[in-house]
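The values are calculated or read from the model by the stated rules, or taken from the named source; none is laboratory data. Note that this is a predicted model, so its numbers are computed, not measured. Cβ sites come from the backbone with ideal geometry, for glycine too, and all protein chains shown count toward neighbours.
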Amino acid sequence: MRFTALTDSRVRWLAFAVAFIGYASVGYWLQVRHGFIIGDALARVAAAQSVLFSRSPHVAAIGFIFTPLTAAVQIPLVALAPLWPDAVARAFTGSLMSAVFMAGAVYQILGIGMDRGVPRGFTLTIAALFALNPMIIFYGSNGMSEAPFIFFIVWSARRLIMWMVDDDVHHLVVAGGVAMGLAYLTRYDAAAVIAAAGFLVAITTFARAAKSPRFKRALMDMVLVSGPGFLSFIGWAVASWLITGLAFAQFSSQYGNSAILAQEGGAPKSSMWDGIVYSVASFSLLAVTLAPLIGWAVVARWRRPGWPMLVAPLAIFGAVLAFQVYTFSKGATFPFLRYYIIAIPFAAAVTFFCVPNGPLRKPTRRGNYAVPEADPPQRPRRWAYLVPVLILAVCAPVAGFGMSSQKYAPQEYGLGALLASPDATGQRNLDQRRLAAAFSTEREIAAYLDRMQLPDGSILADPVYAFSIIVASRHPRMFVVPSDPDFVAILNDPTANKIRYMLAVPNKGRGTSDALNLRYPTLYETGGNVATLELEAPNDGKDQPVWRLYRVHEALPAS
């Protein structure tokens, strides 16, 4: 069968399969072969592991700092850890999670073009430029939350684009009831999308309805698209409050973003304007031609049939970028390039609007306020398709350049160490190599502890740093951690509770939130009068602590 004879659905699924294999292969090369692992990705694997293999396995052990979806979907893969321990120790289960969702994002990008009936060659080219963007490849393979977040946001945008023209209620059900609700369980940023979608749908319905009850219809559609996301927001907050006593642990916990910023000396001192400039520079590195593409799309679609379709991606993707710009300019988040990654699918989606519509996908149920389906028949010249492709294509090399910047891409620029000559020298190269060596020391400590063949509940540790040791251990049940119900009692009297060792990190920076340091402030320096230093392990990873293993004092014999 010729490729041109394949149905749109088969083309999308073929693209999904190819993308998944590609991203998973990159993940294996990055994380299993070279050990290049971002801490948050490994922490999510550790959260999934704690649900199944901790000393006190329970679902709430997944934690409430991160939203749960990225860790929860890894639980079936983590269950296979005894068959392939490195899949967990090197976060490859996270790579598989990212690969599935980023391949799904490629599927949805293709869907945006196919729904609008633009030529298949143009649609495939735009999807390929999205899929092969270096930033997309990296975050489609490293186990972070960016891949599922992009998938759910693009899925939401795709459905709302079509709802704007065919008024099919099924689009609102999928966009709001599924995609946005799950997006919030992936990243807190989705709250901005839920609000923007509700506002957009309410205004659109109110403007369309020529007769009363206009307000009730607008309210009903708004609840339909934003209600499930709002329930996700409330449900997650209530669950967190009932279990931890904190409704929004990410913002108020000693392990949350605000606490981390404070522990590391606070956000960089700058004005709100400086924060805005930094944010705009960040997403411009990822989609440098986004503004020209938006301008072209607006001019190309203005007052043509179905022109309101363009409003949906502007509102959905724009809400995410606006949220990130605002939170960073207020000093509430970190200067990470990945926070602006949504600019890449934004640019890809907008490019589809730079060319005329074709025959739109047939809706399941055309609504009362559907608008004309397609542009009048016309034969655009070839340049009308070529120029938008070339403009979008500029984004990929610029994004690759941005990823090499230590200022704008502190988590990505270490990739240069994997590509540099082995004999390369210089401070920059040393920093990159230390980034690439992250958690190698922790894996060695885990192997050392495993060889000791300790019984369950022998080592006291706080996953604030120790998650990287626990997840690399073949015997995670030997660790006593804060999610265990008896953790506080054991922490208060480790000797009586038969604790043999305590893992200690410096009582500074993020180490000030470590439960062991909170209970024994001098533990790292002196043993806190409860333990004696047995081992010190300098760390090969950048910004990682020098570990100390303390042997707990044995109980004195009764007199």
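Points to keep in mind about this one:
- Identity of the residue in segment 277-293, buried (at least 22 other Cβ atoms within 10 Å of the Cβ) and of a type outside the set (G, A, S), that ends up farthest from the chain's Cα centre (by Cα): L293
- Every condition in (1) touching a helix residue (DSSP H, G or I) at 6+ places or on another chain (Cβ under 7 Å); (2) surrounded by fewer than 17 Cβ atoms within 10 Å (Cβ to Cβ); (3) of a type in the set (A, V, I, L, M, F, W, C) is met by W241 except one, and the failing one is (1).
- Restricting the search to helices (runs of 4 or more DSSP H) fully inside segment 247-310 and requiring at least 3 residues that are modelled with pLDDT of 70 or more and β-branched (V, I, T) gives 272-286, 290-301.
- Filtered residues of segment 188-226 (kept if over 16 Å from W163 (Cα atoms) and either assigned to a loop (DSSP other than H, G, I, E, B) or outside the structural domain of M162 (by TED's automatic domain parsing) (or both)): Y188, D189, A210, K211, S212, P213
- Only one of F138, F101, F151 that is assigned to a helix (DSSP H, G or I) and either modelled with pLDDT under 95 or out of contact with any Gly (no Cβ under 9 Å at 6 or more places or on another chain) (or both): F138
This table checks each residue for (1) β-branched (V, I, T); (2) crowded, with 23+ Cβ neighbours inside 10 Å.
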{"residue": "L129", "(1), (2)": "no, no"}
{"residue": "P134", "(1), (2)": "no, no"}
{"residue": "E146", "(1), (2)": "no, yes"}
{"residue": "S156", "(1), (2)": "no, yes"}
{"residue": "V165", "(1), (2)": "yes, yes"}
{"residue": "A179", "(1), (2)": "no, yes"}
{"residue": "A183", "(1), (2)": "no, yes"}
{"residue": "F199", "(1), (2)": "no, no"}
{"residue": "A202", "(1), (2)": "no, no"}
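- Selection within segment 465-486 - of a type outside the set (V, I, T), in contact with a Phe, Trp or Tyr (Cβ under 8 Å, 6 or more places away or on another chain) and buried (at least 20 other Cβ atoms within 10 Å of the Cβ): A466, S468, A472, S473, P476
- Here H170 passes the criteria (1) at pLDDT below 95; (2) buried (at least 24 other Cβ atoms within 10 Å of the Cβ) except the one numbered (2).
- Considering segment 414-460, the qualifying helices (runs of 4 or more DSSP H), each wholly inside and each with 2 or more residues that are under 20 Å from R90 (Cα atoms), at pLDDT below 90 and of a type in the set (A, V, I, L, M), run over 416-419, 427-436.
- For segment 487-528, filtered to residues that are free of Cβ contacts under 8 Å to residues at least 40 places away in the same chain and among the acidic types (D, E), the residue that is farthest from A446 (Cα to Cα) is D493.
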